[in-house]
Amino acid sequence: MSDAVAERHTGKLASGNHVELRQLRYFLTLAEELHFGRAAAREHIVQSALSQQIQRLERALGVTLVERTTHYVRLTRAGEALVAEAPTVLRAVDRAVAAAQTAGADTEVLAVAVGDSSLDSMPQVLRNVQYNHPGLVVHRLEATVTAQYRMLAEGSLDVGFGNAANAPPGVVSELIRLDPLGVLVREGNPIAGADSTVLAALAGVPLVLADDSQAPEFNAFLVAACEAAGFEPRRYHGTVQSIRAAAYLVAEDDCAAVVPRSCDLLMPGLRWVQFSPPILYPWFLLSRSGDSRWAVRSVHESAHGLAAKLGWLAGDQPI
């Protein structure tokens with residue numbers, strides 16, 4: 001949503017407390033980055049302006065959302081609660097604005113979740129879809145899989161993307177990619193010099209993970225893989241909201257992050273090393289049962305074509 005649109009809308013998250021939508025957006029960006037400078041750069045504003053908007057948001061809500069020191073930024077319990085609910089507000093406004101802008105036009109509109117912004121699977125699928133259907137309007141959303149299930153049920157999402165281990169009734173899933181996992185480490189780490197590594201090499205290494213409420217499927221998959229390798233993973237003392245935030249922590253601290261090959265994130269000073277033997281993480285398209293609209297079918301057809309061409313169901317080994 002543009003700043004102009006955001007600034008024309010305000011909402012009430014508590015009686016009498018007016019909160020600007022741009023403040024919510026700034027806060028969510030900060031929650032992902034856990035760094036005021038990087039968050040400000042992503043929002044194209046100066047750091048002091050971001051800090052001022054976060055303080056205004058805290059005053060409006062009457063709670064502290066982030067703990068700030070010279071060494072770190074962490075979400076409080078109130079901040080974590082707001083992170084869980086605020087995206088729903090912003091998506092609803094975006095959806096309403098899009099509906100108003102396309103009303104009366106002979107245009108099909110599709111809302112599609114792309115997962116974490118660093119993942120390349122759905123961007124590739126959607127580029128193919130829009131090449132074949134240039135008149136199709138696609139709204140791309142970032143949302144956890146848990147949130148996607150809720151949005152599919154309420155009709156605010158048409159196609160989701162993620163691990164379908166916890167898919168509820170009414171949501172159908174289709175496997176499109178088996179994604180090799182690897183570990184993200186700093187250059188200079190002994191693992192960084194290898195072409196591959198065993199998962200057991202991470203025993204005792206602090207691993208950066210999302211909160212279990214945000215990524216239950218991935219966390220459960222990783223814990224099960226570690227236990228099968230003979231160890232219980234050691235969790236880093238904080239959690240993150242995005243792969244990008246995890247990468248920044250790896251660059252700055254003595255920790256590591258397990259991420260899939262499809263993570264299209266290039267950062268100086270970091271190296272991704274694949275596990276051997278391969279550990280393949282399953283990605284699915286998610287949609288409502290019985291939704292046979294041509295636009296939804298086009299996403300599935302595009303995913304099928306790319307999966308066959310790029311070997312997505314063979315561990316990214318092109319056929």
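Laid out as a table, the results:
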{"item": "Binned Cα-Cα distance frequencies in the stretch 136-207 - 5 Å width, integer %", "result": "3, 12, 19, 13, 11, 10, 13, 11, 7, 2"}
{"item": "Built amide H within the under 5 Å cut-off of F284, gap 5+", "result": "G162, N163, A164, I176"}
{"item": "Taking the chain and dividing mean pair separation by its residue count, relative contact order in percent (alpha carbons under 8 Å, at least six apart)", "result": "20 percent"}
{"item": "Surrounding net charge for R234, when Lys and Arg each add one and Asp and Glu each subtract one, Cβ distance under 15 Å", "result": "-3"}
{"item": "Coordinate range along principal axes, alpha carbons of the stretch 173-284, Å, largest first", "result": "40, 28, 28"}
{"item": "Spatial separation of Cα centroids for the stretch 240-305 and the stretch 180-217, in angstrom", "result": "14 Å"}
{"item": "Tensor-based shape of the chain (alpha-carbon gyration tensor, a/c under 1.5 rounded, otherwise prolate or oblate)", "result": "oblate"}
{"item": "Span-rule helices in the chain, defined as complete DSSP H runs reaching 15 Å or more along the axis (Cα) with Kyte mean at least 0.5", "result": "216-228"}
{"item": "Under 5 Å, built H, 5+ apart or other chain: amide partners of L141", "result": "V112, A113, V114"}
{"item": "Positive minus negative residues near A92 (Lys, Arg vs Asp, Glu; Cβ under 13 Å)", "result": "0"}
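None of the figures in this text is laboratory data; all of them are computed from the coordinates on show. All values reported here derive from a predicted model rather than from experimental measurement. Glycine also receives a Cβ, built like all others from the backbone with ideal geometry; neighbour counts cover every protein chain displayed.
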